[in-house]
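*Asks:* Quick one: the structure is below, and I'll ask about it shortly.
The values are calculated or read from the model by the stated rules, or taken from the named source; none is laboratory data. Everything quoted here is computed from the prediction, not taken from an experiment. All Cβ positions, glycine included, derive from the backbone under ideal geometry; neighbour counts span all protein chains shown.
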Amino acid sequence: MVHGHEREATEAPGPDTVQHILRRTSYDEAREHEAELIATIILEWASVLDRVAPPPAAQPDLRRVQTALGDRRGWL
């Protein structure tokens with residue numbers, strides 16, 4: 001119940017669906033796989049660049065990007 005309103009069962013995925021999505025390691029479509037691969041490559045390069053870039057405190061925009069990207073471990 002949120003703010004006095006009951007939620008319809010169809011509004012949110014069930015726990016089994018959420019677990020399945022979070023544990024996906026294979027992708028049905030080539031485009032989906034390619035998108036994940038590109039994202040992983042970008043994040044890996046970001047972690048390499050962290051080692052040679054100035055500290056984030058010196059660049060507020062860089063800090064915001066790093067915060068948005070979060071964890072840099074690959075998804076594949």
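*Asks:* Among the residues of segment 1-12, are any surrounded by 11 or more Cβ atoms within 10 Å (Cβ to Cβ), modelled with pLDDT of 70 or more and more than 26 Å from Thr67 (Cβ to Cβ)?
*Replies:* So the first thing to find is which residues in segment 1-12 are surrounded by 11 or more Cβ atoms within 10 Å (Cβ to Cβ), and the list is none.
No, that holds for no residue.
*Asks:* For segment 13-54, which residues satisfy the criterion of being hydroxyl-bearing (Ser, Thr, Tyr) and modelled with pLDDT of 75 or more?
*Replies:* Just the residues of segment 13-54 that are hydroxyl-bearing (Ser, Thr, Tyr), to begin with: 17, 25-27, 40, 47.
Hits for segment 13-54 are Thr17, Thr40, Ser47.
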